[in-house]
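Asks: Before I ask anything, here is the structure I am working with.
Here, each number is a calculation from the coordinates, and none is a lab measurement. Just so you know, these numbers come straight off a predicted model, no measurement behind them.
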Amino acid sequence: MLPLLVVFCLGVFNFAAHKAVLESGHPMLAQVPWLFKPLGGRLSLVVEFVMLLGAMIMAAAGSMGWAWIYFLYSVLNGLSAWLISSGRV
């Protein structure tokens with residue numbers, strides 16, 4: 001149960017970081033692939049949700065490996081969101 005809760009909390013963090021990047025107005029967002037441009041870039045939030053859902057299903061099934069992978073993804077996602085939002089990239 002604890003891995004599922006941790007993955008869920010990381011998912012909330014990832015959605016917040018993703019939204020911050022989308023709202024940052026960074027010039028790099030104009031260069032994203034065509035897949036993510038519909039709905040003003042919001043389609044990428046669907047991909048984020050699918051990743052979260054998959055990680056939660058695997059964590060609920062007892063797979064700690066997927067929880068760790070999602071944790072590492074969250075760390076990298078947070079770092080990149082901070083770099084983009086702060087204008088360091």
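Asks: For helix 64-85, report the angle its Cα long axis makes with the longest principal axis of the Cα atoms of the chain; keep it between 0 and 90° and round to the nearest 10°.
Replies: It works out to around 20 degrees.
Asks: State the dimensionless ratio Rg/Rh of the stretch 2-85 (Rg: radius of gyration of Cα atoms; Rh: Kirkwood radius). Spell out each step's value before the answer.
Replies: On the way: Rg = 13.5 Å, Rh = 13.3 Å.
Rg/Rh: 1.01.
Asks: Stretch Phe49-Ala20 to full length: gain in nm at 0.36 nm per residue minus the Cα-Cα span? All intermediate terms of the calculation are to be shown ahead of the outcome.
Replies: Numbers: separation 29, 0.36 × 29 = 10.44 nm, distance 1.58 nm.
So the extension gain works out to 8.9 nm.
Asks: Contour minus end-to-end for Leu2 and Ser85, with contour as 0.36 nm per residue of separation and end-to-end as the Cα-Cα distance?
Replies: Values: separation 83, 0.36 × 83 = 29.88 nm, distance 3.08 nm.
Computed gain between Leu2 and Ser85 is 26.8 nm.
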